[in-house]
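Here is the structure we will look at.
The values are calculated or read from the model by the stated rules, or taken from the named source; none is laboratory data. As the structure is a computational prediction, the values presented were derived from the model and not from experiment. Note that each Cβ is placed from the backbone with ideal geometry, even for glycine, and that neighbours are counted across all protein chains shown.
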Ligand code: FES
């Protein structure tokens, strides 16, 4: 019996079976891989906008303003006649520092780096100050913050007229 | 009062030297440390001390966080197995001194058994016990569920998983490139390199300290003092803003610790020489660069010439192994060195070149 069934499968049939088998196998593996590939792209993108309008310069009291922190990751700091848009990403390893109003400093919860209101680092392991974003006035008097352009202190970029607003 | 004292003592500035001294004493007097009497006494003393510790509210609340309980179990295991290895090593070393072989080499211990059923049964039993333990664990302790991830907000303190807290503690003293990439990479590479560097044929299949003193000391220092101790600090003694909190201290978010850090270049050019920082980056950091290079390049050959340990080592393992070994040791020692410099001089970076993302 066993022998019969073996003999009923000739060479040509065997190859057609195996071709079908291979095609199905490759198709399913390919499908699975393409699903995996699709999975690496998020369905919804929560990335904060890179540009936003931040109202009028008079909206901000002097000191640190946290209204854009959760939405865009930006602190607006008004100090000594300047309004700046300060990044809220620690320059040590990228944690999110907290603003401590009582101590007048930003303090990082990850390894304890501390920054002055201006963004200059003074304690903890961080090697350089917080970064500033490009800030400018639109013709209608609204502030526009552009996060695609950063200004780094150690490169001497904080003197650039785009890095602050005179108020 | 006593609690205050414990809070003070556990500050890394004090506890790190204490742990290092303790480590030295432990290996120096390992025959005492590894004796059963010592173990019994330690346990006898530790039980009331632990009870007293647990009676403190702040201590208890840190210890009993569901996340932290397995860490405590692991720490107990680390302590036990360290003692156990030294206990066995002490017995064997005494026997070897008397001219008898190690216990593992006695005829009755040389007898061989089959892996099936002897080993497989033990493994099966261990598997079942582990599973049962984990099931009970999962029922008793709930996994903490936190709010959904938010890229513009971080919990305070933000802690890595416990096994990475040694690295996180290292990051307090180093640039992310060093503590996050170079040093962990060297740890892995160094562990892989051990069998190629270590040419000592002794200690194969039996416990001993005396015949492998250098290897065991070097490894255990890195493991117990620079890894496990830092994990303890990171898990139990670091609170909001990564500030240090003693074991009995309340995690007060407003605890202010002044820690104004300066770079070596600032100390030398501004404080000592009284002139401003030079404009040229390399000139500005030249002292740090020279010091770091000297540390890596000059110490190994000097050590091989000037000290007896170095000479013997050089002779035993050959030049290439010697230099690799010394390089790994020097990199290991860079952590305690930087910790001490930070504590003594508020030194932030020896070479600070944020313009090139290079800070040592
Ligand atoms: S990430 Fe902020 S201190 Fe390390």
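A few comments on the model shown:
- Selection count where residues are within 24 Å of residue B:175 (Cβ to Cβ) and in contact (Cβ under 8 Å) with a residue 24 or more places away in the chain, scope the range A:100-116: 1
- Members of the range A:17-41 found to be loosely packed, with under 10 Cβ neighbours inside 10 Å and in a helix (DSSP H, G or I), listed by number: A:35, A:36, A:37, A:38, A:39
- Among the residues of the range B:148-182, the one identified as more than 14 Å from the ligand (Cβ to nearest atom) and either in the same structural domain as residue B:235 (by TED's automatic domain parsing) or surrounded by 20 or more Cβ atoms within 10 Å (Cβ to Cβ) (or both) is B:166.
- Residues that are more than 13 Å from chain A (Cβ to nearest Cβ), closer than 30 Å to residue B:358 by Cα and free of Cβ contacts under 8 Å to residues at least 60 places away in the same chain do not occur anywhere in the range B:232-245.
- Subset of the range B:291-318 [under 30 Å from residue B:265 (Cα atoms) and outside any helix (DSSP H, G or I)]: B:298
- For the range A:87-97, the tally of residues that are surrounded by 23 or more Cβ atoms within 10 Å (Cβ to Cβ) and more than 9 Å from the ligand (Cβ to nearest atom) stands at 1.
- Checking A:141, A:119 one by one, the residue that is within 15 Å of the ligand (Cβ to nearest atom) and in a loop (DSSP other than H, G, I, E, B) is A:119 and no other.
- Matching residues, the range A:98-111, being touching a strand residue (DSSP E or B) at 6+ places or on another chain (Cβ under 9 Å) and either assigned to a strand (DSSP E or B) or near the ligand (Cβ under 6 Å from one of its atoms) (or both): A:98, A:99, A:100, A:105, A:106, A:107, A:108
- Every residue from the range B:260-277 that is in contact (Cβ under 8 Å) with a residue 60 or more places away in the chain and surrounded by 15 or more Cβ atoms within 10 Å (Cβ to Cβ): B:261, B:262, B:263, B:264, B:265, B:267
- Checking A:84, A:120 one by one, the residue that is under 25 Å from residue A:162 (Cβ atoms), more than 9 Å from chain B (Cβ to nearest Cβ), at pLDDT 90 or above and out of contact with any strand residue (DSSP E or B) (no Cβ under 9 Å at 6 or more places or on another chain) is A:120 and no other.
- Screening residue B:185 against (1) more than 30 Å from residue B:103 (Cβ to Cβ); (2) in the same structural domain as residue B:74 (by TED's automatic domain parsing) leaves a single unmet condition, (2).
Here is a yes/no grid of residues against (1) within 20 Å of residue A:111 (Cβ to Cβ); (2) in contact (Cβ under 8 Å) with a residue 24 or more places away in the chain; (3) facing chain A (nearest Cβ under 9 Å):
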{"site": "B:118", "(1), (2), (3)": "no, no, no"}
{"site": "B:124", "(1), (2), (3)": "no, no, no"}
{"site": "B:128", "(1), (2), (3)": "no, no, no"}
{"site": "B:131", "(1), (2), (3)": "no, no, no"}
{"site": "B:140", "(1), (2), (3)": "no, no, no"}
{"site": "B:147", "(1), (2), (3)": "no, no, no"}
{"site": "B:153", "(1), (2), (3)": "yes, no, yes"}
{"site": "B:175", "(1), (2), (3)": "yes, yes, yes"}
{"site": "B:178", "(1), (2), (3)": "yes, yes, no"}
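- Tally of residues being part of a loop (DSSP other than H, G, I, E, B) and more than 16 Å from the ligand (Cβ to nearest atom) across the range A:122-138: 1
- Looking only at residues in the range A:52-75 that are in contact (Cβ under 8 Å) with a residue 60 or more places away in the chain and touching a helix residue (DSSP H, G or I) at 6+ places or on another chain (Cβ under 9 Å), the one that is nearest to the other protein chains (Cβ to nearest Cβ) is A:52.
- Residue B:96 vs. criteria part of a helix (DSSP H, G or I) and surrounded by fewer than 11 Cβ atoms within 10 Å (Cβ to Cβ): no
- For the range A:21-53, a residue qualifies if it is under 30 Å from residue A:137 (Cα atoms) and out of contact with any strand residue (DSSP E or B) (no Cβ under 7 Å at 6 or more places or on another chain), and the qualifying residues are A:45, A:46, A:47, A:48, A:49.
- Positions within the range B:326-357 being more than 26 Å from residue B:224 (Cβ to Cβ), crowded, with 17+ Cβ neighbours inside 10 Å and at the interface with chain A (Cβ under 10 Å from one of its Cβ atoms), in sequence order: B:348, B:349, B:352, B:353, B:354
- Single condition residue B:247 does not satisfy, out of (1) within 16 Å of the ligand (Cβ to nearest atom); (2) assigned to a loop (DSSP other than H, G, I, E, B): (1)
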